[in-house]
1. Dipole magnitude of the chain about its Cα centre, charges +1 at Lys/Arg Cβ and -1 at Asp/Glu Cβ only, in debye to the nearest 20?
2. Each label point is 7 Å from the Cα along the Cα-to-Cβ direction; what then is the distance between the points at residue 49 and residue 204, in nm?
3. Pairs of alpha-carbon atoms within less than 8 angstrom and 6+ residues apart define the contacts here; what relative contact order does the chain have, in percent?
4. Can you list, bin by bin at 10 Å, the percent of alpha carbon pairs in the chain, starting at 0?
5. Give me 76, 199 sorted ascending by neighbouring Cβ count inside 10 Å, so fewest comes first.
6. Tell me, what is the FRET efficiency for residue 109 and residue 65 to the nearest 0.05, using R0 = 30 angstrom and their Cβ-Cβ distance as r?
7. Sequence gap at least 6, Cα distance under 8 Å: using those rules, report the relative contact order of the range 56-136 to the nearest whole percent.
8. Springs between alpha-carbon pairs under 10 angstrom, Gaussian network model over the chain: which of 164, 150, 201 fluctuates most?
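Only the coordinates and a few stated rules stand behind these numbers; no lab work does. This one's a predicted model, so the numbers in the text were calculated from it and none came from an experiment. Virtual Cβ from ideal backbone geometry, glycine too; neighbours counted across all protein chains shown.
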Amino acid sequence: LTQDELKKIAAFKAVEFVESGMVLGLGTGSTAKHAVDRIGELLLQGKLKNIIGIPTSKKTQEQALSLGIPLSDLDSHPTIDIAIDGADEVDPHLNLVKGRGGSLLREKMVEGACKKFVCIVDESKLVKYLGGSGLAMPVEVVPFCWKFTANKLQNLFQHSGCVANLRNDCKGEPFVTDNGNYIVDLYLKKDMEDLQVASDAISRIAGVVEHGMFLDMATTVIIAGELGITIKNK
Ligand code: DER
């Protein structure tokens, strides 16, 4: 099975948790895309009714609109029944790294407003420790003096050999999030000892808007692997 087929399997399994009449957080990324497609398909077939979608990015908003999924926002629906979204990393305690697609702020707002957050991943996302995969730990920062903020972030984790990079788009310009901010990606040479300490320390930096550690937020993680589906609950 290809990685995308595994993502689709996890996504379709998550949509089985969706019931008519629910308010749904619609995730962002290539895995969540399959879930949004599936919800659109079930609505079209009349198997799901009276669904309201709360998108986590402009990209997902456009996808949902094209599928005819009725949309709203957190102002109108401050409590959401279920959010379905992907992740970049999942540790054994269901802590996540998200945001490599650049949508972490709206994802964290939506997923923080949910009764259930069903995270969908293929098995390649499983890690022993967050930040240990050598891949980016995204931090959304205000564009104002972003170098100042990036240096603060780099110094915060200098003991982990941290390098902070401004994320650029395909034209070599700074990537701009849906909220008009920049993303600074942190690359750590070794995992963080205490995730909550690291999370709080990042959030305390004045130029930081939000970061990609989603600690204690997922209530269920659906993992699609070569040998089948594993469902982990908090
Ligand atoms: O950017 C994000 O937060 C995405 O949800 C990411 O974490 C997962 O993206 P993928 O499903 O394309 O791997």
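1. 100 debye
2. Reported label-point gap for residue 49 and residue 204 is 5.4 nm.
3. 22 percent.
4. 8, 33, 35, 19, 4, 0
5. 76, 199
6. FRET efficiency, residue 109 to residue 65: 0.90.
7. Value for the range 56-136: 36 percent.
8. 201
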